[in-house]
Amino acid sequence: MTALDPTVTGSTPTVPGASPEAFRPELHFAARDTWLNDPNGLIYHGGLFHLYFQNNPFGNVWGNMSWGHATSADLVTWREHPVAIPCDEREDVFSGSVVFDAHNTSGLGTSDQPPLVAVYTSAFRNGAGHDGIQAQSIAFSLDGGYRWTKHAGNPVLSRASPDFRDPKVFWYSGEGSSYWVLVAVEATQHLVVLYRSDDLLAWEHLSDFGPANATGGVWECPDLFPLPVRDEPGASAWVLTVNLSPGGPNGGSAGQYFVGDFDGVSFTPHSTVPPGPDDGARLREYGWLDWGRDFYAAVAFTDAPDDRRILLGWMNNWEYANEIPTSPWRSAMSLPRELSLVRTAAGLRLAQRVPAEVERAAFPAFAAERTPVDLDVLVDEVRAVPAPDSVAMRIDATFRPGSATEFGLVVRGAALGGSDDAAGGTRIGIRPGEGVILLDRTRSGDTGFSAAFPSVETAPVAALDGAYRLTVYTDRCSVEVFAEDGLVTLTDLVFPAESATAISVYASGGDAEVTDLRITAAIR
Ligand code: FRU
């Protein structure tokens with residue numbers, strides 16, 4: 001990445017037949033009228049979730065990187081605040097994290113007024129004395145995260161490297177000693193680098209992890225945290241996440257994860273796939289945070305209530321990020337996802353679900369209401385089902401496979417009888433014979449703004465107790481699919497007409513049974 005001219009403001013895209021504001025999400029955060037990319041500094045503090053984000057305060061394409069800021073009590077309704085940490089003539093402010101320095105170890109606050117400390121990457125501009133270098137810097141806030149002061153001694157950690165970035169910091173409590181740990185990347189070397197500190201200012205190298213598994217692009221935005229194993233009281237493991245762009249399993253940006261142990265010095269994965277060329281088959285053996293095209297730069301909230309790990313991703317892909325047809329804003333965050341580990345025959349795997357506070361805020365009717373639809377066996381047919389006139393929905397569907405080669409759902413479809421392509425929509429299909437789930441957005445509305453955009457993604461999926469249960473969240477410009485009890489997720493941007501709210505179920509090449517279908521409109 002190179003620092004852009006501060007006058008970069010971007011263009012307003014023209015979308016035939018659609019108002020760009022029609023794509024503004026109901027349930028996902030987007031900036032009011034500017035560009036955003038990675039979530040930064042995610043922290044729960046003072047009763048609010050704070051979301052900082054890579055932001056161009058002057059336009060709606062990437063550039064002038066600064067930290068924007070928004071807060072939310074429920075992770076659904078967000079309030080945008082003034083820019084928190086701006087770029088200046090010396091540096092662009094790249095991704096990083098925030099910690100609450102409760103014991104004022106940094107001395108940047110007082111014991112009565114401990115600081116929030118942001119650790120971010122300074123992408124130095126020419127003439128700042130660190131030309132072409134990315135190094136880690138500090139800013140602090142004494143008012144709960146709204147106003148920030150850059151530390152006079154920046155940068156606090158440099159390797160004189162052009163690609164050392166995206167620090168995630170956490171407090172590590174080991175046997176006998178506790179300290180701050182920083183994980184960051186040497187992006188082009190496919191290394192996660194670990195450091196420790198007692199005061200957030202002086203850092204000592206601990207270890208490196210990598211290269212491992214997917215290395216078809218730069219490594220960015222790592223995270224490292226312990227996670228309990230579901231249904232095994234007292235059992236836990238560490239999860240290392242690292243984002244990769246390009247080189248994801250379905251093209252472009254994506255995030256991979258490793259499950260293993262962290263002893264305060266080194267992260268050791270339980271297993272990695274032996275090194276070799278990143279061919280398609282091998283890519284599918286790795287652990288992926290999401291198999292869709294639009295879930296990147298994901299990191300977890302620090303200090304989330306009840307010790308939960310809640311992940312947020314940037315819902316976009318560097319292959320076309322600057323071209324998506326929205327204005328004056330561009331890009332949104334994913335829905336938040338609560339993480340757990342599940343023991344499977346293939347070892348511990350990450351499972352994701354939308355957190356309870358999001359469900360309560362957005363889908364309060366879910367538990368009470370069951371959509372009255374005739375559940376039935378589908379035989380080589382596409383059948384429309386009654387759906388609320390809403391773009392933001394949660395759809396729960398259970399299918400039992402029969403002889404059909406493929407069955408599933410079409411969401412955000414054009415209303416029957418409408419002037420749009422009646423077959424249009426976003427297709428979520430299961431092919432039991434191939435053991436895959438697919439997400440097809442080739443007929444999902446506007447796909448023409450980038451040749452890299454139209455796509456059909458696939459992920460390995462298995463039946464549980466003989467059935468395939470899907471939970472799908474739709475919004476104005478997104479479809480997020482959770483399958484196999486959250487072990488498999490696929491997230492895609494889509495740009496259909498606002499009127500495209502139809503839902504249908506289908507089976508092709510034989511029969512399949514829909515044994516449960518529940519459609520819940522979001523309340524905002
Ligand atoms: C990931 C990324 C980070 C960097 C930031 C710059 O999307 O490239 O590595 O810090 O975006 O905006």
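Its Cα gyration tensor gives region 131-193 an equivalent ellipsoid; the semi-axes, largest first and in whole Å, are 22, 20, 10. The alpha-carbon atoms of region 153-306, seen along their principal axes, cover 45, 44, 28 angstrom, with the largest extent given first. Each Cα pair under 8 Å and six or more residues apart adds its separation to the average, and for region 35-356 the resulting relative contact order is 13 percent. Averaged over residues, the count of other Cβ atoms within 10 Å places the peptides 294-303, 320-329 in the sequence 294-303, 320-329, highest first. Close amide H pairs (under 5 Å, H built 1.01 Å from N) link Leu48 with no residue at least 5 positions away or on another chain. Dipole of region 364-521 computed with +1 at Lys/Arg Cβ and -1 at Asp/Glu Cβ about the Cα centre; of Leu517, Gly425, Ile437, farthest Cα towards the positive end is Gly425. Our estimate of slack between Glu89 and Val379, defined as 0.36 nm per intervening residue step minus the Cα-Cα distance, is 98.0 nm. Taking the Cα centre of the chain as reference, the dipole from Cβ charges on Lys and Arg (+1) and Asp and Glu (-1) amounts to some 320 debye.
When you restrict to C-alpha pairs under 8 Å that are six or more residues apart and normalise by the size of region 364-521, the relative contact order lands at 42 percent.
Apply 1/(1 + (r/R0)^6) to the Cβ-Cβ distance of Thr398 and Thr215, taking R0 = 45 Å, and write down the FRET efficiency to the nearest 0.05. According to the calculation, E is roughly 0.75. Working note: Karplus 6.51/-1.76/1.60 with θ = phi - 60° gives region 175-180 the couplings 5, x, 8, 9, 6, 7 Hz, where Gly and Pro are set to x.
What separates the Cα centres of region 104-122 and region 443-459 is a distance of 44 Å. With helices as the sole contributors, the chain gives -500 deg cm²/dmol at 222 nm; each DSSP H run of n ≥ 4 counts as -39500 (n - 2.57), and the sum is divided by every residue. Kirkwood radius and radius of gyration were both taken over the C-alpha atoms of region 454-514, and their ratio Rg/Rh is 0.98.
You can think of it this way: the chain between Asp389 and Asp231 has 53.0 nm of extra reach, that is 0.36 nm per residue less the Cα-Cα gap.
Dimensions of the chain along the principal axes, based on C-alpha atoms and rounded to the nearest Å, stand at 68, 50, 46, largest first.
Here the Karplus relation 6.51 cos²θ - 1.76 cosθ + 1.60, evaluated at θ = phi - 60°, turns the backbone of region 150-158 into coupling constants of 6, 5, 5, x, 5, x, 9, 8, 10 Hz, with x for every Gly and Pro. Which residue, Leu157, Ala202, Ala84, has the largest displacement toward the positive end of the dipole of the chain when charges sit on each Cβ (Lys, Arg +1; Asp, Glu -1)? After comparing all options, I get Ala84. Within region 364-521, all pairs of alpha-carbon atoms sorted by distance into 10 Å bins from zero give the percentages 11, 43, 38, 8, 0. The phi torsions of region 328-333, fed into the Karplus equation with coefficients 6.51, -1.76 and 1.60 and a -60° offset, translate into couplings of x, 8, 8, 5, 9, 8 Hz, rounded to whole numbers, with Gly and Pro shown as x.
Between Glu175 and Ala102, the simple spin-label model (points 7 angstrom out along Cα→Cβ) gives 2.4 nm. Please work out the C-alpha center-to-center distance from region 134-163 to region 170-231 and express it in whole Å. Result: 18 Å between the Cα centres.
Spacing of the modelled spin labels on Arg79 and Asp307, each 7 Å from Cα toward Cβ, amounts to 3.1 nm.
Annotation: region 62-117 has a Kirkwood hydrodynamic radius of 13.4 angstrom, from the mean reciprocal C-alpha pair distance.
Counting only protein heavy atoms and using a 1.4 Å probe, the accessible area of Thr215 comes to about 50 Å². The amide H of Asp38, built 1.01 Å from its N in the peptide plane, has Gln54 as neighbours under 5 Å, considering only residues 5 or more places off or on other chains.
The values are calculated or read from the model by the stated rules, or taken from the named source; none is laboratory data. If you're wondering where the values come from, they're calculated on a predicted model, not measured in any experiment. Neighbour counts are summed over all protein chains in view; Cβ atoms, including those assigned to glycine, are modelled from backbone coordinates with ideal geometry. With ligands, DNA and RNA removed, areas are computed over all heavy atoms of the protein, side chains included. Shrake-Rupley method; radii C 1.70, N 1.55, O 1.52, S 1.80 Å.
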